[in-house]
Amino acid sequence: MGKNTRGGKEFNRLQEALHENKRLKREISSLRKQLARLDLDRHSFVKDIIDEHYEQEESEKITQRIKEEWKCKQCGVGYLEINLYTKVNETWYFRKCNFCPHRTTSQQYIPDKVQGPMKLTAK
């Protein structure tokens with residue numbers, strides 16, 4: 001019989017990834033604790049950066065929730081975006097999937113009542 005050349009502490013690729021992930025989580029936790037201990041009043045620029053980052057994270061979560069809420073029922077991949085257009089000096093809209101050709105019927109646009117992701121216009 002051949003001798004086992006691998007040591008008992010060697011990891012396979014999945015174990016390496018899990019081990020690295022745990023290490024990074026501990027490091028992130030440690031850094032967050034260090035940031036919490038800082039006197040942010042003395043370092044107002046750090047506080048501004050942190051607040052901006054938290055606002056950006058929050059807006060991304062809201063955007064993802066809205067996209068999930070308006071997911072296309074036909075393809076299940078895309079989401080329905082609001083497309084605005086003018087018709088006889090009034091604003092109308094329809095929702096169109098950004099992945100497949102599915103769309104809804106046109107309706108009059110009332111900004112307070114219509115919710116969902118707007119189509120980004122190319123400029």
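The values are calculated or read from the model by the stated rules, or taken from the named source; none is laboratory data. These figures come from a predicted structure and were not determined experimentally. Counting neighbours? That spans all protein chains shown, and the Cβs are built from the backbone with ideal geometry, glycine included.
Across the stretch 67-123, which residue is modelled with the lowest pLDDT among those that are surrounded by 13 or more Cβ atoms within 10 Å (Cβ to Cβ) and of a type in the set (D, E, K, R)? Ranking the qualifying residues of the stretch 67-123, first place goes to K119.
Taken together, the residues in the stretch 34-90 that are small (G, A, S) and either closer than 24 Å to T105 by Cα or in contact (Cβ under 8 Å) with a residue 24 or more places away in the chain (or both) amount to 2.
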